[in-house]
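*Asks:* Submitted below is the structure of interest, expressed as structure tokens.
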Amino acid sequence: LAPMLQAMGKLAALGATSVAVACNTAHAWHGALQERFPQLEVLHVANEVAQALASRGIPEVGLLATEGTYRAGLYSQALQQTGVKCHVPLQEERERLMQGIYDGVKAGNMALAQDCFAGVAKAMVQRHGLSTLILGCTEIPLALSAVPEMDELELMDPAVLLATALAQRAYAVV
């Protein structure tokens, strides 16, 4: 939290009016950041995703994310408010996602990351009959988007939605 508060302080001093935090898990501190800098609009990644899903009429999704994101309930709360049902992986699947994030993408082993992420994605799609998955960690799209079997699914990259929302505010398209 402290480094994010410092960075936001600098952005506020430079005259920023809207700020986006790329890391999904870091949104656990959204409330503290918004409270400390009421003059800034601190965009909330899960709210942006939930609004996009609701506007497209997507009734349910699967969420691939970090353990911290699941524990914080970031997406479940936002999706519930828009009426979108959120399915989460089983505990062993969550561990597989974390393995793909840390031992895969962060360690430069994209083959392992693809295997981990695709395995969990396929299991969730089969179990729940899903057609849409939220890639709720910035590392997941880096590997999963390159897996050919995922072409049949809508893979929502929250970073893209967040960047779009920030650009809309910057260019007053809101």
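The values are calculated or read from the model by the stated rules, or taken from the named source; none is laboratory data. Fair warning: this is a prediction, and the values are worked out from it, not measured in the lab. Note: ideal-geometry Cβ built from the backbone for every residue, glycine included; neighbour counts use all protein chains shown. To get the accessible areas, we keep the full protein, side chains included, count just its heavy atoms, and leave off ligands, DNA and RNA. Shrake-Rupley method; radii C 1.70, N 1.55, O 1.52, S 1.80 Å.
*Asks:* In the stretch 106-115, what residues are touching a residue at least 24 places away in the same chain (Cβ under 8 Å) and touching a helix residue (DSSP H, G or I) at 6+ places or on another chain (Cβ under 6 Å)?
*Replies:* Those that are touching a residue at least 24 places away in the same chain (Cβ under 8 Å) and touching a helix residue (DSSP H, G or I) at 6+ places or on another chain (Cβ under 6 Å): MET110, ALA113, GLN114.
*Asks:* Would it be correct to say that GLU149 is open to solvent by 40 Å² or more (accessible area, probe 1.4 Å), farther than 26 Å from VAL19 by Cα and either in a helix (DSSP H, G or I) or not aliphatic (A, V, I, L, M) (or both)?
*Replies:* Against the criterion (open to solvent by 40 Å² or more (accessible area, probe 1.4 Å), farther than 26 Å from VAL19 by Cα and either in a helix (DSSP H, G or I) or not aliphatic (A, V, I, L, M) (or both)), GLU149 qualifies.
*Asks:* If you don't mind, there's one more thing I want to ask. For SER76, only one of the following conditions fails: (1) at pLDDT 95 or above; (2) of a type outside the set (D, E, K, R); (3) under 21 Å from ALA121 (Cα atoms). What is its number?
*Replies:* Here SER76 meets the rest and fails (1).
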